[in-house]
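Data block below; observations after.
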Amino acid sequence: MRKWWHNSVVYQIYPRSFNDSNGDGVGDLRGIIQKLDYIAQLGADVIWLSPVYQSPMDDNGYDISDYLAISPEFGTMQDMDELIAQANSRGIKIVMDLVANHTSDEHPWFIESQSSKDNPKRDWYIWKDPKEDGSEPNNWESFFKPKAWTYDEDSGQYYLHLFSNKQPDLNWANPEVREAIYQMMRFWLDKGVGGFRMDTINMIGKPADFPDATIFDSGVAGWEHWANNDLCHQYLREMNQQVLKDYDVLTVGETPFTTTLDGRYYSHPDRKEISMIFQFEHVSIDREEHNAVAKPFDLVQYKEIMSRWQNDLYQKGWNSVYWSNHDQPRTVSRYGNDNDQYRVISAKMLGTVLHLMSGTPYVYQGEEIGMTNKQFTSIDEFNDLMAKFHYQKLMDKGVKPQEALDFLNRYSRDHARVPMQWQDSENAGFTDGKPWLPLNDNYATINAQQAVGDQQSIYHHYRKLIELRKSGEYGDVIVYGRYTLLDPDDSEVYAYLRCFHGKQLLIVANFSEAVVERQYQGELGLVVLNNYDLDPSNLSSITLQPYQALVIELKGGD
Ligand code: TEU
Ligand code: CA
């Protein structure tokens, strides 16, 4: 059955870094309202808003102290209502970030829970006695700290936090907790939001016996116990029954450590869980994040991963497709080439490869103008708690400070959080004040005003990609067509076919700086999109320029 979000394109906003309307250096809701036309013109019809709730901001809002209030830094509930209404009037739905694996330690629920062992909310979080020797209840690690447990002197127990010690994990085994979350979800849905992006939702099921981790060489120790287990699926099906089934909304679960089989469990419509997930395989290809180890990007492996997800979920679930988000480095710097010569062309190539796939594409703010990674010169310039954690980890391993800095300059989450570049005036028009995180100084050339005014820009290329997905002519083949990878071992070119009821598209993308020649089967029809001016004359011998990407309609169909 077709769903409205099958042919949607989602634009992700990290509110802190998007647009500051009042000069305090922090982006806000009114700032977003001012830019709705920019997003509407791009063609996105959903906005995923990273958290704007009340929060002490230990993890920039992913530590919530009141789910029903807006952080004063971002504005008021009235601003939020206006944002929803103004977006809706442009045909754009607002998807909220649902951070429900954990709250802030400053949430009243946790304050009560911590206050004493017999407080009625004690069991809303995960409290355990120390082992006999006083150590942690088990050996699980945290994403942001060496250990997943913090000791509470007053009660003599540890509490669990898979993220920072200011992000205690909720106890989903307690039905009262689940009901409180469902109630909060209904509050937002009844306001007219278009759905939820569910933060780390695959971690909500904790096995009752809290067994020790046995896998230490891949990811955060303990994940084999708390990621994607039966409990998690059970809670999601309950959430669907209790809340989601009554609303026609988009739900996307953030789910590290998932296989395509997990992807089907979450997104197969008959299972009545959620619409789709964010898998992490392709963003793990060039590093082992938890251990801060870099690896070279391998196109053959990238193709294998993306193709497996495209095929395994075909008619058995639904994919999200993304290059980046607020936790990832900048797309063009990471997968393309951000030098002056190739930045624009390679960013368009990357956009083409992703937006011609099946699934719901996500565009992260600034990706549509080809924003690049910033060069940080000292550890003090980073804001993100994960950057600091990785740096410490590398120091402890005896890595040289410069090498640790090099790692962060490639992968830090702060690259995505450097403010949006709107124009070539001071602070790129992001703020009239002092930006909370300094800008990248290349905003004189890379900015939205330039991009909107230049028909050859990355922005207009993305606009065309979105338009194609929504067009009567190509929409069905792009959204619902069968996917076939060509030449899996080609380490320079990514080529694939999309076919639907006789309509066929061939997508060819050169990931290299070299000019290469390739042959493809089939008869050349219309060149639907090209990031260079010169169109090929036949398929039996195509010359591909550096980072060239072509979308070609084949004659004859399948
Ligand atoms: O991220 C979850 C998560 O698994 C991250 O640690 C992820 O591995 C890493 O950031 C990728 O670089 C979500 C949010 O997206 C992130 O911003 C939050 O910090 C985190 O949850 C805690 O809420
Ligand atoms: Ca502001």
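Treat each spin label as a single point 7 Å out from the Cα along the C-beta direction, and report the ASP118 to VAL293 distance in nm.
In this crude spin-label approximation the distance works out to 5.1 nm.
Taking the 0 to 90 degree range and rounding to the nearest ten, how far is the long axis of helix 230-242 tilted relative to the main principal axis of the chain, both from C-alpha atoms?
80 degrees
So how exposed is TYR342, as accessible area in Å² (1.4 Å probe, rounded to 10)?
Surface open to solvent at TYR342 totals about 30 Å².
Tell me, what is the percent relative contact order of region 331-391, built from C-alpha pairs under 8 Å that lie six or more residues apart?
32 percent
Restricting to Cα atoms and excluding each atom paired with itself, what does the Kirkwood estimate give for the chain in Å?
For the chain, the Kirkwood estimate is 24.4 Å.
Considering amide H positions built from the backbone, and no H for Pro or chain starts, which residues 5 or more places from ASN447, or on another chain, come under 5 Å of its amide H?
none
Just want to confirm a number: the relative contact order over the chain, from Cα pairs under 8 angstrom separated by 6+ residues, in percent.
13 percent.
Between TYR125 and residues 5 or more places away or on another chain, which pairs have amide H atoms under 5 Å apart, with H built 1.01 Å from N, and which residues are they?
Under 5 Å from the amide H of TYR125: ASN171.
Please compute the Cα-Cα pair-distance distribution of region 310-413 with 5 Å bins starting at 0, giving whole percents from short to long.
With a bin width of 5 Å, the distribution comes to 2, 12, 19, 17, 15, 13, 11, 7, 3, 1.
What's the extension gain from GLN234 to MET395 if we count 0.36 nm per residue and subtract their Cα-Cα distance?
Taking GLN234 through MET395 to full extension adds about 53.8 nm, to one decimal.
Set the Förster distance to 30 Å, then compute FRET efficiency between ASP129 and PHE216 from the Cβ-Cβ distance, nearest 0.05.
0.80
If you plug each phi of region 418-428 into the Karplus form 6.51 cos²θ - 1.76 cosθ + 1.60 with θ = phi - 60°, what whole-Hz ³J(HN,Hα) values come out, in order, with x for Gly and Pro?
4, x, 4, 9, 8, 8, 8, 7, 3, 6, 6
Using a simple spin-label model with points 7 Å from Cα along the Cα→Cβ vector, what separation in nm is obtained for SER471 and GLN183?
The two pseudo-label positions are separated by 5.1 nm.
Just to be sure I understand: of the beta bridges DSSP finds with both ends in the chain, what percent are antiparallel, rounded to 5?
Just about 60 percent of them are antiparallel.
If R0 is 51 Å, what FRET efficiency do you get for ASP432 and ALA173 from their C-beta distance, rounded to 0.05?
Calculated value: 0.55.
Using modelled amide H (1.01 Å from N, peptide plane; none on Pro or chain starts), what sits under 5 Å from the amide H of LEU529, excluding residues fewer than 5 places away?
VAL551
Determine ³J(HN,Hα), in whole Hz, for all residues of region 173-188 in sequence, where each value follows from phi through the Karplus function 6.51 cos²θ - 1.76 cosθ + 1.60 and θ = phi - 60°; x replaces Gly and Pro.
So the Karplus estimates, Gly and Pro as x, are 5, 8, x, 5, 5, 4, 5, 5, 5, 4, 4, 5, 4, 4, 3, 6 Hz.
Quick one: helix 401-411 against the long Cα principal axis of the chain, what's the angle to the nearest 10°, folded into 0 to 90?
That works out to roughly 60 degrees.
What does the highest-first list of 464-470, 7-13 look like by mean Cβ count within 10 Å?
So the peptides 464-470, 7-13, ranked by packing, come out 7-13, 464-470.
Starting at the first residue of region 115-132, write each ³J(HN,Hα) from the Karplus equation 6.51 cos²θ - 1.76 cosθ + 1.60 with θ = phi - 60°, in whole Hz, x for Gly and Pro.
The phi angles translate into 4, 6, 5, 9, 5, x, 9, 3, 7, 6, 10, 10, 10, 9, 5, x, 5, 4 Hz.
Could you grab the relative contact order for region 344-435? Cα pairs under 8 Å, six or more apart, rounded to a whole percent.
25 percent
Would you list TYR67, TYR265 from the most to the least accessible area, probe 1.4 Å?
TYR265, TYR67
To the nearest 0.05, what FRET efficiency results for GLU403 and GLN301 with a Förster distance of 30 Å applied to their C-beta separation?
Efficiency for this residue pair is about 0.80.
The values are calculated or read from the model by the stated rules, or taken from the named source; none is laboratory data. Source: prediction; values computed, not measured. With ideal geometry, Cβ positions are generated from the backbone for all residues, glycine too; neighbour counts draw on all protein chains shown. Areas reflect the complete protein model, heavy atoms only, side chains present, ligands, DNA and RNA absent. Shrake-Rupley method; radii C 1.70, N 1.55, O 1.52, S 1.80 Å.
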